[in-house]
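The block underneath contains the structure these notes are about, expressed in C-alpha cells.
The values are calculated or read from the model by the stated rules, or taken from the named source; none is laboratory data. What you see is a predicted model, and the numbers here were worked out from it, not measured in a lab. Heads up, the Cβs are rebuilt from the backbone with ideal geometry, glycines too, and the neighbour counts pull from every protein chain shown. Quick note on the areas: whole protein, heavy atoms, side chains included, nothing else; ligands and nucleic acids left out. Shrake-Rupley method; radii C 1.70, N 1.55, O 1.52, S 1.80 Å.
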Amino acid sequence: MINVPKRLDEECARRIKAFPCYSNRASSLGATCTRQLVYARTHWNEATLPTVEAKRVYELGERIERDVIAALADAGIEVIEQQRALDDFSDCQVTGHVDGVIVVDGRAVPFDVKSMAPHIWDSDAPVGP
C-alpha cells in the first residue's frame with residue numbers, strides 16, 4: 001500500500017538544496033548581525049537547510065504570489081514586470097528581485113508579495129532579518 005504522506009515528504013525533501021551565495025541579498029539589508037551576513041556568503045554550503053515543513057511554507061508563498069499577480073491582472077491592474085532582478089547594486093555586491101511592477105496613475109511601482117500570521121501582524125514582534 002502506498003504511504004501518500006511519506007511519498008509527499010520525500011518529494012518535498014528532494015527539492016531542498018543549498019545554493020552558492022556570492023552577494024548580500026537586498027532582503028538582508030538592515031540585518032543587525034554582520035557575522036551572519038559574512039557566513040551567508042563564505043560558508044553558505046554549511047548552512048542548516050530548511051525542514052520539509054518550512055520548504056512547504058516557502059512553496060506555498062510562491063503559489064500565493066502567482067495567485068496575487070493573476071488577481072491583479074484580473075482586476076485590470078497592469079503588471080509590467082515579474083521577478084525583476086535587482087542587480088544595479090554591483091558596486092555594493094547586493095542582489096535580489098522584486099515580485100513585480102504595476103502601473104499606478106501612469107507610474108511604475110514595484111511590489112513584493114508577503115504573508116504574515118495575524119498574531120504576528122497584531123503584535124509588536126520585530127519583522128525581518
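Quick notes
- Using 0.36 nm per residue and subtracting the Cα-Cα separation, the extra length available between His119 and Arg63 on full extension is 17.9 nm.
- For segment 1-48, the set of chymotrypsin sites (Phe, Trp or Tyr not before Pro) satisfying both a DSSP loop assignment and a count of at most 13 other C-beta atoms within 10 Å is given as Tyr22.
- Gln93 paired with Phe111, simple spin-label distance in nm, labels 7 Å along Cα-to-beta-carbon: 3.5
- Accessible carbon and sulfur surface of segment 1-85 relative to its total accessible area, %, 1.4 Å: 57
- The chain - Rg over Rh from alpha carbon coordinates, Kirkwood radius: 1.01
- Here the label points at Trp44 and Val79, each 7 Å from Cα along the C-beta direction, are separated by 2.6 nm in the simple model.
- Segment Thr32..Ala70, full-extension length gain: 10.1 nm, with 0.36 nm per residue of separation and the alpha-carbon distance subtracted.
- Simple Cβ-charge dipole of the chain, Lys/Arg +1 and Asp/Glu -1, about Cα centre, in debye nearest 20: 600
- Whichever lysines have a C-alpha closer than 25 Å to that of Lys114, once near sequence neighbours (fewer than 8 apart) are set aside: Lys17, Lys55
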